[in-house]
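The values are calculated or read from the model by the stated rules, or taken from the named source; none is laboratory data. Since we're looking at a predicted model, the values are computed, not measured. Glycine gets a Cβ as well: all are built from the backbone with ideal geometry, and neighbour counts include every protein chain shown.
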Amino acid sequence: MENISSHKLFILNGFSELGALRPVLFLPFFIMLAVSLLANSLLLYVIISQRSLHSPMCILIAGMAGVDLTVPVFFVPNMLLSFLFDWRGISLIGCLVQMHFIHFVASFQSTLLVWMALDRYFAICTPLSYHERMTLSKFFKFIIPLVVRNVLTVTLFVSLAGKLTFCASNVMNHCFCEHMALVELACGSTTINNLVGLLTVFLMPVADFIFITASYVVIFSSVLRSGRVGVKALHTCITHIVVITVSLTVALIALLSYRIRNGLPAAMRVFFSTMYLLIPCCFNPIIYGIRTTEIRQHILKTLTCCRFIRTVNYCKETIKNL
């Protein structure tokens with residue numbers, strides 16, 4: 001029987017079509033990383049430091065900010081080093097670890113939107129029992145199943161990818177270890193990997209989308225029956241609808257661009273796949289900061305306070321130097 005040697009080192013070759021212009025990508029991706037880190041850190045700080053923002057919805061927004069703060073850290077710094085210094089190599093173990101963390105943490109972007117939809121459902125459709133339903137002990141029955149789902153599905157498809165044999169090419173047309181980009185390099189049958197990958201798509205983003213849609217249909221029906229008070233309550237849902245629309249639109253484009261390849265440049269597929277992770281991380285905190293009145297007021301107060309402190313310190317230093 002022929003001895004097949006499996007590759008243990010891979011080359012991340014995303015955007016190689018740009019040639020000498022590839023280092024130019026450092027600037028836009030660095031700006032997106034900086035925006036994500038600063039905006040989500042500010043949002044987290046404001047919610048944690050202000051007791052008036054410790055409501056269930058604001059805690060869920062803080063959870064989303066934590067996810068959006070973490071996701072870019074797992075792959076954008078490596079991309080930036082690759083753009084500047086052409087460091088493209090990654091080991092198989094490093095690839096699988098990166099893949100697991102990226103997909104696991106990113107899976108909570110849609111999961112948190114489900115929990116937010118539940119919060120809005122309880123707040124608008126069952127307002128009298130809202131605080132009772134949103135206590136941690138009661139809400140755990142909605143938290144634990146989705147966390148277990150995310151852990152099992154991500155661990156399953158990453159483990160299956162790690163068992164593949166890579167004997168053909170070790171050049172991955174991507175900027176980070178995306179699941180299907182790695183599976184495509186395998187020699188032999190990858191049917192199970194493709195099926196598990198599709199199952200993961202249906203169990204997480206698609207199932208979450210269906211549940212969120214059903215929740216908002218019920219919410220809208222309740223709002224239409226409740227009149228003016230309902231219309232006022234509906235305003236609290238608009239922020240989440242904007243976030244859901246942005247996230248799911250980018251996710252759909254990324255999925256279709258990767259599966260349907262006819263006439264679509266490889267660099268465009270890599271771009272959409274990368275934006276699928278980065279755009280929510282950059283825009284979610286901005287949307288929540290602008291659309292949520294209480295959070296916006298505390299953010300403005302925090303920024304004003306920081307500006308005042310810098311001005312006072314500058315004046316003190318100026319006086320000291322006179």
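Side notes on the structure shown:
- Per this entry, L112 is counted among residues that are under 27 Å from I279 (Cβ atoms) and out of contact with any Cys (no Cβ under 8 Å at 6 or more places or on another chain).
- If the condition is being surrounded by fewer than 18 Cβ atoms within 10 Å (Cβ to Cβ), in contact (Cβ under 8 Å) with a residue 12 or more places away in the chain and farther than 13 Å from L156 by Cβ, then region 202-211 contributes only F211.
- Filtering P72, P77 for residues that are touching a Cys at 6+ places or on another chain (Cβ under 8 Å), in a helix (DSSP H, G or I) and at pLDDT 90 or above leaves a single hit, P72.
- Of the set (1) under 30 Å from H298 (Cα atoms); (2) touching a residue at least 24 places away in the same chain (Cβ under 8 Å); (3) not polar (S, T, N, Q), all apply to R22 but (1).
- Qualifying positions in region 88-126 - without any contact (Cβ under 8 Å) to a residue 40 or more places away in the chain and more than 22 Å from T200 (Cβ to Cβ): F122, T126
- Boolean, T165 is at pLDDT 85 or above, more than 20 Å from V270 (Cβ to Cβ), out of contact with any helix residue (DSSP H, G or I) (no Cβ under 8 Å at 6 or more places or on another chain) and among the β-branched types (V, I, T): yes
- Checking every residue in region 14-25 against the condition of being surrounded by 18 or more Cβ atoms within 10 Å (Cβ to Cβ), modelled with pLDDT under 90, part of a loop (DSSP other than H, G, I, E, B) and at negative phi gives at least one match.
- Filter result for S52 (in contact (Cβ under 8 Å) with a residue 60 or more places away in the chain and exposed (fewer than 12 other Cβ atoms within 10 Å of the Cβ)): yes
- Flag for F85 being free of Cβ contacts under 8 Å to residues at least 60 places away in the same chain, of a type outside the set (V, I, T), surrounded by fewer than 20 Cβ atoms within 10 Å (Cβ to Cβ) and touching a helix residue (DSSP H, G or I) at 6+ places or on another chain (Cβ under 6 Å): no
Yes/no per residue for (1) at pLDDT 90 or above; (2) in contact with a Ser or Thr (Cβ under 8 Å, 6 or more places away or on another chain); (3) surrounded by 15 or more Cβ atoms within 10 Å (Cβ to Cβ); (4) over 30 Å from I192 (Cβ atoms):
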| site | (1), (2), (3), (4) |
| --- | --- |
| D68 | yes, yes, yes, yes |
| Q98 | yes, no, yes, no |
| Q109 | no, yes, yes, no |
| R120 | no, yes, yes, yes |
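- Matching residues in region 99-141 - criterion: being closer than 27 Å to L248 by Cα and of a type in the set (S, T, Y): S107, S110, T111, Y121
- Matching residues, region 79-103, being in contact with a Lys or Arg (Cβ under 9 Å, 6 or more places away or on another chain) and under 27 Å from T165 (Cβ atoms): S82, S91, L92, I93
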